[in-house]
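Have a look at the structure below, then the notes.
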Amino acid sequence: KPELVAPGVKIETTKDTWPWITDPPGVDGTSFAAPHVSGATNLLMQRKPTLQTWPEAVKAILMASAIHNIEGSSRLSEYDGVGAISLDKADYVARENSANQWDVYTLTPSSFDSNGNFYVYFAAQQGQRIRAVISWAVDPNYSGYPNRPGVDLDLYVFRPNYPYSPHVYSTSYDNNYEIVDFIAPAWGSYKLVIKKRMFNDASIATH
């Protein structure tokens with residue numbers, strides 16, 4: 001934590017005494033940041049009703065579009081996670097799923113090939129910034145949940161004409177998402193590989 005951040009500093013809002021609004025410079029706290037994310041989530045579900053039954057996809061969209069880096073690594077840092085929410089970009093991603101901006105898969109152990117891989121392909125232009133996120137549901141009742149979710153998936157991206165060595169990858173084991181962020185080195189079709197490391201509960205894996 002945090003996975004992403006939202007405005008929570010110098011927030012002007014109402015109060016229960018005259019003059020009914022907070023005094024400059026406003027108020028701070030996660031109590032003001034959390035409603036930004038909740039509101040963004042609801043707006044995305046309103047924009048694309050399919051998302052109402054796929055909270056994992058909403059999370060992936062918000063994380064993939066949160067490219068406003070505040071401090072630390074632009075991909076993932078202990079300061080602001082993947083970055084601050086950018087609802088205009090999230091809205092674009094939600095609207096454009098027909099253009100392979102996002103998709104939903106119900107994955108089971110049998111969804112993966114004999115090497116434990118599930119493949120997704122996407123096109124990119126040279127110099128284009130690419131951020132890919134997978135997020136999946138986990139069962140909090142799984143016996144090992146306090147230390148590691150019952151489903152552990154890794155994410156690899158292979159560039160065109162380089163099928164044997166991943167260009168970027170994300171391989172954490174103690175959460176239910178993976179993220180990569182890179183500048184496409186070439187035009188062409190990129191291969192996104194979801195690698196099954198562990199699948200010990202009945203979670204629905206989604207990206």
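Around HIS68, which amide H atoms from residues at least 5 apart in sequence, or from another chain, sit under 5 Å from its own amide H, with H modelled in the peptide plane?
ALA84
Sort SER31, SER38 by accessible area with a 1.4 Å probe, largest first.
SER31, SER38
At R0 = 22 Å, how high is the FRET efficiency between SER73 and ALA34 if r is their beta carbon distance? Nearest 0.05 is fine.
Numbers: r = 23 Å, r/R0 = 1.06.
Efficiency at R0 = 22 Å is approximately 0.40.
Across the chain, how many lysine pairs, 8 or more positions apart or on different chains, have C-alpha atoms separated by under 18 Å? Please give the number. All intermediate terms of the calculation are to be shown ahead of the outcome.
Details: LYS1/LYS59; LYS48/LYS59; LYS48/LYS89; LYS59/LYS89.
For the chain, the number of qualifying lysine pairs is 4.
Can you work out the accessible area per residue across the chain, with the rest of the protein chains kept in place, probe 1.4 Å, in square angstrom? Can you show the working numbers first?
Numbers: 11540 Å² over 207 residues.
Each residue of the chain exposes 56 Å² on average to a 1.4 Å probe.
Report the accessible area of TRP20, computed with a 1.4 Å probe over the heavy atoms of all protein chains in place, in Å² rounded to the nearest 10.
We get 130 Å² for TRP20.
Among SER74, PHE32, ALA64, whose Cα lies farthest out toward the positive end of the dipole of the range 18-81, if unit charges sit on the beta carbon of Lys, Arg (+1) and Asp, Glu (-1)?
Ranked along the dipole, the leading option is ALA64.
Keeping the other protein chains in place, figure out the carbon and sulfur percent of the accessible area of the range 12-126, with a 1.4 Å probe.
Of the solvent-accessible surface of the range 12-126, carbon and sulfur hold 52 percent.
Heavy atoms of the protein only, probe of 1.4 Å, neighbouring chains included. What is the accessible area of LEU4 in Å², nearest 10?
40
Using modelled amide H (1.01 Å from N, peptide plane; none on Pro or chain starts), what sits under 5 Å from the amide H of TYR190, excluding residues fewer than 5 places away?
PHE122, ALA123, ALA124
Assign unit charges at the C-beta atoms only (+1 for Lys and Arg, -1 for Asp and Glu), then state the dipole size of the range 1-143 relative to its Cα centre in Debye, rounded to the nearest 20.
Charge dipole, the range 1-143, about its Cα centre: 300 debye, nearest 20.
Grab the DSSP H runs of the chain that are 4 residues or longer, score each as -39,500 (n - 2.57), total them, divide by all residues and round the 222 nm result to the nearest 500 deg cm²/dmol.
The helix-only estimate for the chain comes to -6000 deg cm²/dmol at 222 nm.
On the full set of protein chains, 1.4 Å probe, figure out the accessible area of HIS36 and give it in Å² to the nearest 10.
The accessible area of HIS36 comes to roughly 80 Å².
Quick check: at a probe of 1.4 Å, how many percent of the accessible area of the range 144-207 sits on carbon and sulfur atoms?
51
Measure nothing but the geometry: give the 0 to 90° angle between the long axis through the Cα atoms of 30-47 and the longest principal axis through the Cα atoms of the chain, rounded to 10°.
60
Restrict the search to the range 5-83; then list the GluC sites (Glu not before Pro) that DSSP places in a loop and that have at most 14 other Cβ atoms within 10 Å of their Cβ.
GLU12, GLU71, GLU78
The values are calculated or read from the model by the stated rules, or taken from the named source; none is laboratory data. These numbers come from a predicted model, not from an experiment. So basically every Cβ, Gly included, is an ideal-geometry build from the backbone, and we count neighbours across all protein chains shown. Accessible surface is based on the protein model in full, side chains and every heavy atom, while ligands, DNA and RNA are left aside. Shrake-Rupley method; radii C 1.70, N 1.55, O 1.52, S 1.80 Å.
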